[in-house]
Amino acid sequence: MYVADSRATSQPPAPPSAPASRSADRVVRHPAGRRLSAIAPTVFALGTVSLVTDVSSEMVTAVLPLYLVAGLGLTPLGFGLLDGIYNGFSALVRLAGGHLADRGEGRHKWVAGIGYGLSALCKPLLLLAHSLPLIGLVLAADRTGKGLRTAPRDALISLSSTPENRGRAFGVHRAMDTAGALLGPLVAFWILRATVDGYDAVFTVSFCVAVAGVLVLALFVPGAAGAPSDGSARPTLRAALALLRRPDLRRIALCALLLGLATVSDSFVYLLLQRGLGVPERCFPLLPLGTAAAFLLLAVPLGRLADRVGRWRVFLAGHAALLSAYGLLLGSWHPAALPFAVLALHGCFYAATDGVLMAAASDSVPEELRSSGLALVQTGQAGARFVCSLGFGAAWTVWGDRAALTASTAVLALCAMLCLVLRPKGTV
């Protein structure tokens, strides 16, 4: 975050003809004349909510693969089905969440609040679900909450930022979010070691932490951001779908969908590492720490880089890092440093793509439909990753893990080359 030097000489006021900023950001100038933008307080408040919530959700995510496969004895196909639900079911409600948030001033906050609250309520239900259908229903409800909250939250971040620092703002939020992802597996690991009924204790503590996140949202996040609507675009569902007529947004949504079709879910990546290298089961919850640490360190620098050199260039470079991680997993050479390299590349992929994609999409969507427009892109990506989880789980069951990963690597390389052609015009 850039701030003005308190010892700098004061600058003359802007001329009366200068338009007022439509952002909640505070814009200042460096003594040498360079324009600097401070990150809006709304971004930090939402980052705190995401940090606390991610401690809760990543506690569950860290133990869920092992709980389902080793504890309940699910096959890779069954796990692929549940993992697809966990990562892709939100696609069915993201458009609804985005549309509801755009319907009136201040709705972004309460739609996001409903989503956070629903996900929190699902955590203790995992204590009661011990069969594939029941676990599937709980995970579907949890992802419904995520689908409702994601677009309104990202719209608040976008509306609280200027186009010049939007990548950095999303980077700051994602870094705070990832700090929670870093802490969650550590808490889960400690609970598994310190308790007898480890999984039940993890789900219980996760619920308590999730409730704290909802309280932070209610108390500290403002209800609205950006400028009032000027009536140029009515927030109707038809208007939201009509956003796909915009060439840049349509190309961004298509590229996100194509790349999502070959993005193997985190849980499968960790299972591949655990099985291939013989990582002890008690250490399995620690594997996401490598991804989270790299994400945390790189989110802000790569967000700033995207603002400077082009968001699409950084976005595609992130997928090149993911291809490199897949290549290391497929290699026959397994040095001791291999898990660290794979997890570092995995975290680099998220740092270069997650917030950067939302910053790029925000540039193509009017403020009145910002939440709906971001939801369109997120829906395509989430739906594609749902299909990928199902396909990867089925391929693993039929052909084995290496053949499934080889196929995913080839598809990802092909989709990345297509996106070089389909990228929005004027991007690099």
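Quick rundown of the values:
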item	result
Residue ID - nearest to L66 (Cα to Cα), chosen from residues in segment 261-289 that are among the hydroxyl-bearing types (S, T, Y) and under 17 Å from the mean Cα position of the chain (by Cα)	S267
Only one of V69, V52, V63 that is at pLDDT 85 or above, assigned to a helix (DSSP H, G or I) and of a type in the set (A, V, I, L, M)	V52
Residues of segment 315-344 classified as loosely packed, with under 14 Cβ neighbours inside 10 Å and within 18 Å of the chain's Cα centre (by Cα), total	0
Residues of segment 337-356 satisfying the condition of being of a type in the set (A, V, I, L, M), touching a helix residue (DSSP H, G or I) at 6+ places or on another chain (Cβ under 9 Å) and farther than 16 Å from A181 by Cα	L338, A341, V342, L345, A352, V356
Candidates L244, L219, filtered to the one that is among the hydrophobic types (A, V, I, L, M, F, W, C) and either farther than 22 Å from M358 by Cβ or modelled with pLDDT of 90 or more (or both)	L219
Residue check, S161 of a type outside the set (K, R), touching a residue at least 40 places away in the same chain (Cβ under 8 Å), part of a loop (DSSP other than H, G, I, E, B) and on the phi < 0 side of the Ramachandran plot	yes
Extreme residue, surrounded by the fewest Cβ atoms within 10 Å (Cβ to Cβ), among residues of segment 122-142 that are assigned to a helix (DSSP H, G or I) and either without any contact (Cβ under 8 Å) to a residue 12 or more places away in the chain or of a type in the set (F, W, Y) (or both)	P133
Qualifying residue in segment 300-312 (condition: free of Cβ contacts under 8 Å to residues at least 40 places away in the same chain, closer than 18 Å to Q381 by Cβ and of a type outside the set (K, R))	no
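So that you can scan it fast, the table gives a plain yes or no per residue for (1) modelled with pLDDT under 90; (2) aromatic (F, W, Y); (3) farther than 30 Å from V365 by Cβ:
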position: A169; (1), (2), (3): no, no, no
position: H173; (1), (2), (3): no, no, no
position: A179; (1), (2), (3): no, no, no
position: F189; (1), (2), (3): yes, yes, yes
position: D200; (1), (2), (3): yes, no, yes
position: F203; (1), (2), (3): yes, yes, yes
position: P235; (1), (2), (3): yes, no, no
position: A240; (1), (2), (3): yes, no, no
position: I252; (1), (2), (3): no, no, no
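The values are calculated or read from the model by the stated rules, or taken from the named source; none is laboratory data. Quick caveat: nothing in here was measured; it's all calculated off a predicted structure. Heads up, the Cβs are rebuilt from the backbone with ideal geometry, glycines too, and the neighbour counts pull from every protein chain shown.
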